[in-house]
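Reading through the structure tokens given below for one structure.
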Amino acid sequence: MQTKAVIVLIALCLVYITPASAQISPPGMGETNTAAWVAFGVRQSLDSAHKIQSFSYAGLGRISGPHTNNPFKYQDIFVLNQEFYHKFHKHWRYSLALSYRNQDEYGDEKSFSNISPAHKQEIRIYGRYMYELKMHNVKLTATFRQEFRSFFDPDFNQENDRYQLRSRFRLQAAVTLDRDKVHRFTASAEALFSTTQTTVPENQWSALSYKEARFCLYYSINPKNTSFTYSIGYMNNLIGQAQAESVSYLAMDVIWENPFKAFKREVLKPIE
């Protein structure tokens, strides 16, 4: 799929799907038929105005491999993520995050058995810059996300592809379905571009280029009188360009909202 086609798909996603990110989107798990993702997160306001937030989550991903469509067949990735958000304007906010990922590695399509090393580790630092626009029960969000990634073997020795800079552009639309804000649909489209530093044959950076696109559709429910949000969704990951590999993801997550009460300003008593 060419870059122009990806841009067109992103635009169509916003035009035809009018469905705050209440879900934890799956990470990319490479070329496989299907994949599954489950995560648990905690979102906590750090000030009484709810402008500064902490968001932590752990997630587990599994894949089918090339020979079946069972998305739970092989273990693939474990993720730990910590992110801080700051909303500094009615329409603008940014975030900074640190992430650890441990991903299993497999052989070619014929054997698809574990290879040596059996897994790789990744440390990721990233930041987001977001513009949000609310119109009645619809919220539109445009996000630019810049990542710095470093890859290691099981002993934390750096791999040949040791550093990567990745830029991500996402458009998201969320629609609240009821007056009590219990039910919500969310749709998003994202394009990813990256450049990688390799050590073979020598230290050099590849050209920045388009790599993949991700399209998500989620349904979320936040029952009244509870502090949990439950989400279930589908993601289609298109990897490559002219002959893109299409991978289907099933995703579920639970987010615990403000397990600790929001920080309150101390009310000072008048001096008598």
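Remarks
- Distant-in-sequence amide contacts of Asn258, defined by a placed amide H-H separation under 5 Å and a gap of 5 or more residues or a different chain, comprise Arg43, Gln44, Ser45.
- Per-residue 3J(HN,Hα) values for region 145-153, derived from phi via the Karplus relation 6.51 cos²θ - 1.76 cosθ + 1.60 with θ = phi - 60°, read 10, 10, 10, 10, 10, 10, 10, 9, 7 Hz in sequence order (x marks Gly and Pro).
- 5 Å-binned pair-distance histogram of region 139-224 (Cα, whole percent): 3, 12, 16, 15, 12, 11, 9, 8, 6, 4, 2, 1
- Farthest toward positive dipole pole in region 38-189 [+1 Lys/Arg, -1 Asp/Glu at C-beta], among Ala189, Val38, Thr176: Thr176
- With the Kirkwood sum run over all distinct C-alpha pairs, region 88-185 has a hydrodynamic radius of 16.7 Å.
- Per-residue Karplus couplings for region 78-86, computed as 6.51 cos²θ - 1.76 cosθ + 1.60 with θ equal to phi - 60°, are listed in order as 10, 10, 10, 9, 10, 9, 10, 10, 9 Hz, Gly and Pro entered as x.
Read the figures in this text as sums done on the coordinates, not as results from a lab. None of these values were measured; they are calculated from a predicted model. Glycine also receives a Cβ, built like all others from the backbone with ideal geometry; neighbour counts cover every protein chain displayed.
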